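Step one of this worksheet: look at the structure below.
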Amino acid sequence: MHEQQSGLIVGNGLAFPANEQTMYWCDTRHKTIWTAPYCATTGALGTATVLAQYSHGTERPDGAAADSLGRYWVAVLDGSRLDCFTPPAASGADSTSPTTRAHTHTPVHAQALPVPFYKPTMPCFGGPNLQELLVCAAAAPDSHPNASGFENTSLAVCTSPVAGVVEGFAKWPGQNEETR
């Protein structure tokens with residue numbers, strides 16, 4: 001193993017869209033989400049850019065998942081929602097080399113999906129077609145209870161209009177199928 005980024009306090013939200021050319025992650029304590037070009041074949045990670053920085057109160061990004069459209073769904077702890085971002089466009093002569101690909105636009109905050117939890121912690125796509133969106137949560141404080149009917153709930157599921165993706169294992173440099 002070798003270091004890809006330093007300074008994380010609570011690294012979280014690691015997700016890989018189906019295109020296997022992008023990696024997303026966040027730091028819950030730093031309230032920041034990053035994205036970088038990624039090569040699934042070599043495990044090489046390109047230059048990271050900030051996808052989003054949370055500044056409203058105690059809201060912060062936590063666990064996350066990618067959907068089949070390449071979007072990044074992140075639980076907003078203390079925010080009662082999931083935020084969804086569209087993928088950054090990538091360009092470059094060599095699409096297998098993250099160091100030659102650069103993000104060409106700032107990802108768009110596509111939508112916010114309200115959830116009945118004050119502290120959602122992790123979305124996950126499941127079910128036979130990966131169209132069930134499961135969301136788990138941490139216990140809510142008395143000052144910000146969960147929605148009515150969900151007071152003591154820590155996992156909920158709903159049907160998603162878009163499927164999730166099955167994420168493969170990340171490949172690290174020097175690793176082959178036999179050593180994964």
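Taking segment 56-69, which residues are closer than 22 Å to Asn129 by Cβ and surrounded by 20 or more Cβ atoms within 10 Å (Cβ to Cβ)?
Those that are closer than 22 Å to Asn129 by Cβ and surrounded by 20 or more Cβ atoms within 10 Å (Cβ to Cβ): Gly63, Ala64, Ala65, Ala66, Asp67.
Is it true that some residue in segment 67-82 is over 30 Å from Pro141 (Cα atoms) and modelled with pLDDT under 50?
Within segment 67-82, not a single residue is over 30 Å from Pro141 (Cα atoms) and modelled with pLDDT under 50.
Look at Asn129 and say whether it is farther than 20 Å from Val74 by Cβ and at pLDDT 55 or above.
So Asn129 fits the description; yes.
Out of all the residues in segment 34-47, which are assigned to a strand (DSSP E or B) and of a type in the set (Gly, Ala, Ser)?
Ala36, the sole residue that qualifies.
Here are some residues: Ala64, Ala36. Which one is of a type in the set (A, V, I, L, M) and either at pLDDT 90 or above or more than 14 Å from the chain's Cα centre (by Cα) (or both)?
Within the list Ala64, Ala36, the selection yields Ala64.
Here are the criteria: (1) at pLDDT 70 or above; (2) surrounded by fewer than 15 Cβ atoms within 10 Å (Cβ to Cβ). Tell me which single one Thr99 does not satisfy.
All conditions pass for Thr99, except number (1).
Quick one: which of Gly7, Gly11 is at positive phi and modelled with pLDDT under 90?
Just one listed residue meets the conditions, Gly7.
Of the conditions (1) free of Cβ contacts under 8 Å to residues at least 60 places away in the same chain; (2) outside any strand (DSSP E or B); (3) closer than 23 Å to Cys136 by Cα, Ala64 fails just one. Which one is it?
Checking Ala64 against (1) free of Cβ contacts under 8 Å to residues at least 60 places away in the same chain; (2) outside any strand (DSSP E or B); (3) closer than 23 Å to Cys136 by Cα, the one that fails is (2).
Can you tell me which residue is farthest from Leu45 (Cα to Cα) among those in segment 138-180 that are of a type in the set (A, V, I, L, M) and at pLDDT below 85?
Filtering first and then ranking leaves Val166.
Quickly run through segment 17-33 and pick out the residues that are assigned to a strand (DSSP E or B) and either surrounded by fewer than 20 Cβ atoms within 10 Å (Cβ to Cβ) or hydroxyl-bearing (Ser, Thr, Tyr) (or both).
Within segment 17-33, Thr22, Tyr24, Asp27, Thr32 meet the criteria.
The values are calculated or read from the model by the stated rules, or taken from the named source; none is laboratory data. Being a predicted model, the structure only gives us computed values, none of them experimental. Because the Cβ atoms are built from the backbone with ideal geometry, glycine has one as well, and the counts that use them run over all protein chains shown.
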